[in-house]
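Visitor: Sharing a structure here in structure tokens format.
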Amino acid sequence: MVLAVRHDPLHQREQLTTNHNSPVKRLVLLGSTGSIGRQTLEVVRQHPEHLKVVGLAAGSNAEALLRQAAEFPEAKLALYQNHPAIPSGMGALVDLASMEEADVVVVSVAGVIGLQPTLAAIEAGKTIALASKEVLVAAGELVMPLVRAKGASLLPIDSEHSAIHQCLRGYACSDVAEIILTASGGPFRGRKRDELRGVTPQQALRHPTWTMGGKITLDSATLMNKGLEMIEARWLFDVPIQRVRAVVHPQSIVHSMVRLNDGSVLAQMGWPDMRLPIQVALLHPERRPNNLPAWNPLDTPELTFEEIDEEAFPCPALARRSAEEGGTMPCAMNAANEEAANLFLKGQGTFLGIAEVVREVMARHRPVEVRLDTILKTDRWARETARELIRNQPRTLHG
Ligand SMILES: NC(=O)c1ccc[n+]([C@@H]2O[C@H](COP(=O)([O-])OP(=O)(O)OC[C@H]3O[C@@H](n4cnc5c(N)ncnc54)[C@H](OP(=O)(O)O)[C@@H]3O)[C@@H](O)[C@H]2O)c1
């Protein structure tokens, strides 16, 4: 985000108006078949005079991708998994992310797999609308200098970061004393550690306020999602991790807050509906009407905030520690979490074991300087180590 680049959000308006003279923004959508991808297409349908889809990409669901292609026949396609009729593999995703005809690349694939297409899109001078927080968690140290070098715009889709971005319009990053992220608390809010033994994937996937893809829903149940978001905020808004914290806010109305140096706290509020932050990013800096239900304070007269229980939910503290250690440590932490979370969703390992796998992988990792090759190597190593831990030490890792 230019905010992070020049410490002055006002530059962002200048940059976007000079970069994108066309009244229609042409979008490439990486992860178009997922929760964020499908909601992005809803936003496009509401603003056809301002947004046009020129590229669609998914992981393996060719059927859903081809259905979307029937609705957006001008869009080029890419699929990660091999397919006889669709350009496939990482190369196809990278080509789509850097294609000449695109202005904005929406990165909403699940996980760090979005890193290489994101780097390619920044290199090609595209505006990035970023949902895939894992990209900045694993490689913020690589992505942000490239954003600065290319003068690119990196706009957040995550509702918390969209909230902070909106609060900071008109302020510089140096005005920020503290970023306060809000967390719904997930389906297990209020449970003690002992009460989390034996929870099932089905229970973990019952999120109280948001409907999202499987991995992020599980991350919300372990609260790792908040840990990842603290690191994402650290990079987007260029503040040290020590000045980013999270509180539980079960109503999910306040999407996050910023305390400025003079003590004033700014918040952005609304119903928990990702279509709004997606629209804010895609139409930035314009604010256009839509048909989303509007929130009225009288609808939710009671807004409450609680401390995170770090004994029951150790993941945010692990994520914070990985950011403090720096280098490739957040990459190892993220990969271990992705692997343990995806295996848990397939019935392997335990809910409490996810944090234990992350802790153990971090204990074994010796962080090195962040480069694309060290990120890819660390990511591979951490996944293998996490898999091995879950295979060989099921008892130690049992929750
Ligand atoms: N959902 C939310 O409300 C929300 C909010 C904030 C941030 N986010 C972030 O947005 C990202 C996506 O979340 P989601 O909830 O939309 O996930 P999701 O519903 O699981 O969708 C994931 C998307 O990524 C695609 N994908 C998976 N592996 C891929 C690969 N190797 N190459 C290319 N595409 C691949 C999937 O394609 P297939 O359908 O073919 O598998 C699908 O289109 C995550 O990083 C999440 O943390 C989500």
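The values are calculated or read from the model by the stated rules, or taken from the named source; none is laboratory data. The structure displayed is predicted, hence computed values, not measured ones. No Cβ is skipped: glycine too gets one built from the backbone with ideal geometry, and neighbour counts run over all protein chains shown.
Visitor: Step by step: first the residues of the stretch 200-234, then only those that are within 15 Å of Arg321 (Cα to Cα) and not aliphatic (A, V, I, L, M), then the one that is farthest from the ligand (Cβ to nearest atom). Which residue is that?
Guide: Arg234
Visitor: Can you find a residue in the stretch 353-370 that is in contact with a His (Cβ under 8 Å, 6 or more places away or on another chain) and either among the hydrophobic types (A, V, I, L, M, F, W, C) or touching a residue at least 40 places away in the same chain (Cβ under 8 Å) (or both)?
Guide: yes
Visitor: Provide a single number: the residues in the stretch 135-159 that are buried (at least 24 other Cβ atoms within 10 Å of the Cβ) and among the acidic types (Asp, Glu).
Guide: 1
Visitor: Looking at (1) within 11 Å of the ligand (Cβ to nearest atom); (2) in contact (Cβ under 8 Å) with a residue 60 or more places away in the chain, can you tell me which one Val105 breaks?
Guide: Answer for Val105: the failing condition is (1).
Visitor: Report, by residue number, each residue of the stretch 258-311 that is assigned to a loop (DSSP other than H, G, I, E, B), hydrophobic (A, V, I, L, M, F, W, C) and in contact (Cβ under 8 Å) with a residue 40 or more places away in the chain.
Guide: Met274, Trp295, Leu303, Phe305, Ile308, listed by residue number.
Visitor: Looking at this structure, is Lys76 under 21 Å from the mean Cα position of the chain (by Cα), at pLDDT 95 or above and among the basic types (Lys, Arg)?
Guide: For Lys76, the condition - under 21 Å from the mean Cα position of the chain (by Cα), at pLDDT 95 or above and among the basic types (Lys, Arg) - is not met.
Visitor: Taking the stretch 289-326 as the search range and keeping residues that are among the acidic types (Asp, Glu) and farther than 30 Å from Thr350 by Cβ, which one is surrounded by the most Cβ atoms within 10 Å (Cβ to Cβ)?
Guide: The residue in question is Asp299.
Visitor: Evaluate the following for Ile122: is it crowded, with 17+ Cβ neighbours inside 10 Å and more than 9 Å from the ligand (Cβ to nearest atom)?
Guide: When the stated conditions are applied, Ile122 passes them.
Visitor: Within the stretch 80-105, work out how many residues are farther than 13 Å from Val28 by Cα and under 23 Å from the mean Cα position of the chain (by Cα).
Guide: Selection size over the stretch 80-105: 5.
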